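The values are calculated or read from the model by the stated rules, or taken from the named source; none is laboratory data. Quantities reported herein were computed from a predicted structural model and do not represent experimental measurements. In this analysis, Cβ positions are derived from the backbone assuming ideal geometry, glycine residues included, and neighbour counts consider all displayed protein chains.
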Amino acid sequence: MTNNKDKTLGETLRSQGISRRSFLKYCAATASMMALSPAMIPKIAHALESARRPSVIWLSFQECTGCTESLTRAHTATIESLIFDAISLDYHHTLQAASGHAAEEAREAAMKENFGKYLLVVDGSIPMDNPGYSTIAGISNYDMLMESAKGAAAIIAVGTCATYGGIPHANPNPTGAVSVGDLIKDKPIINVPGCPPIPVVITGVLTHFLTFGTIPELDHIGRPKVFYGQSIHDRCYRRPFYDKGLFAETFDDEGAKKGWCLYKLGCKGPTTYNACATTKWNDGTSWPIEAGHPCLGCSEPDFWDGGGFYKSLSMPTENIAQTAVYAAAGAVAAGVALGAMNKSKKNSAAKAHNKTTIDDLEK
């Protein structure tokens with residue numbers, strides 16, 4: 001009988017009743033989500049089907065459990081959630097059945113058996129002012145992180161607390177909270193910020209690692225570019241209203257009712273990079289701006305201290321509509337000038353042609 005840990009992901013998914021067609025749909029969606037060519041779909045499918053269940057150790061430090069809730073509270077049992085279920089989640093003190101000494105023995109055994117191969121997932125910041133602020137089984141967060149990181153193939157920092165310190169790091173930062181990247185310098189770290197992150201982003205990063213054996217291309221602060229490469233503002237369906245200078249001034253005025261831009265209500269979309277606008281939440285149902293609330297910028301460093309959630313950014317907005325009018329007028333003027341130039345050229349060409357014809361006749 002095959003041990004569950006020896007099964008490939010393909011075998012695990014088939015044993016759970018996932019059809020080949022559904023699996024390929026997931027691979028196609030994953031390729032699209034990661035901006036890969038359709039030619040990569042068979043490669044993703046083959047890699048996932050052939051991959052052995054990777055060992056994952058998940059550490060939760062100074063956090064609210066929201067990152068775990070985000071991942072586990074899918075609207076329905078999706079392929080991406082089954083991909084996550086198919087890994088060997090050897091330690092997660094919120095989800096595991098074991099407790100006390102048995103739980104810590106499971107973590108130690110997983111680290112020993114899979115040294116150099118396991119994925120380490122961390123959510124929550126690490127207190128440095130006093131190790132006693134947060135401990136697990138009598139072990140400080142710092143000691144547990146450093147011990148667990150030694151044999152990890154890569155580290156995924158999940159949520160803004162793990163990636164940038166998050167809310168515990170906010171002024172006055174009483175615990176001396178720091179991020180994973182502040183402490184670990186010798187391992188590849190993938191930052192997946194958000195308060196909490198989008199579930200499909202977490203599983204997308206995992207799928208990329210399983211498919212290619214490498215971490216995805218990252219931006220300047222360690223986030224996967226495929227998910228965090230564009231701002232909320234660039235992908236927002238309310239962007240046309242911003243460009244026209246149409247803004248909601250209060251949460252219940254006519255502009256708000258008509259779905260106008262929420263910039264003046266404090267929306268941080270122009271300075272926030274995430275996939276919320278396209279991936280959405282709750283099985284693709286909606287996202288904060290669609291629900292009428294401005295973006296808080298939760299996937300950015302120090303978002304909690306960013307100057308007030310409902311205070312607009314200091315970018316010029318008052319003359320946007322006037323600028324748009326000027327731009328349109330300029331475009332019209334340019335079109336008229338170009339038309340005049342073309343007409344002049346045609347007239348010159350016609351005169352030259354007529355002159356040539358007359359000259360020919362005279363000859």
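Side notes on the structure shown:
- Residue that is within 11 Å of the chain's Cα centre (by Cα), of a type in the set (A, V, I, L, M) and either at pLDDT 90 or above or over 26 Å from G308 (Cβ atoms) (or both), where the choices are I202, I184: I202
- In region 251-262, the residues that are not assigned by TED's automatic domain parsing to the domain that holds G292 never reach a residue that is assigned to a helix (DSSP H, G or I) and hydrophobic (A, V, I, L, M, F, W, C) with C-beta atoms less than 9 angstrom apart, at least six apart or across chains.
- Among residues of region 20-71, those that are within 17 Å of the chain's Cα centre (by Cα) and surrounded by 15 or more Cβ atoms within 10 Å (Cβ to Cβ), counted: 11
- A291 among the aliphatic types (A, V, I, L, M) and at pLDDT 85 or above: yes
- Test: E249 is on the phi < 0 side of the Ramachandran plot and out of contact with any strand residue (DSSP E or B) (no Cβ under 8 Å at 6 or more places or on another chain): yes
- Any hit, region 247-260, residues being within 30 Å of L36 (Cα to Cα), modelled with pLDDT of 90 or more and crowded, with 20+ Cβ neighbours inside 10 Å: no
- You will find that of L206, L210, the residue that is touching a residue at least 60 places away in the same chain (Cβ under 8 Å), hydrophobic (A, V, I, L, M, F, W, C) and over 24 Å from A277 (Cβ atoms) is L210 and no other.
- Qualifying residue in region 128-146 (condition: surrounded by fewer than 23 Cβ atoms within 10 Å (Cβ to Cβ), of a type in the set (S, T, N, Q), out of contact with any Ser or Thr (no Cβ under 9 Å at 6 or more places or on another chain) and modelled with pLDDT under 95): yes
- Sole residue being modelled with pLDDT of 90 or more, touching a helix residue (DSSP H, G or I) at 6+ places or on another chain (Cβ under 6 Å), in the same structural domain as V180 (by TED's automatic domain parsing) and under 19 Å from L210 (Cβ atoms), chosen from L48, L120, L71: L120
- Region 8-50, residues that are among the hydroxyl-bearing types (S, T, Y), part of a helix (DSSP H, G or I) and farther than 24 Å from G284 by Cα: T12, S15, S50
- Residues located in region 185-196, provided they are crowded, with 20+ Cβ neighbours inside 10 Å and touching a strand residue (DSSP E or B) at 6+ places or on another chain (Cβ under 6 Å): I189, I190, N191, V192
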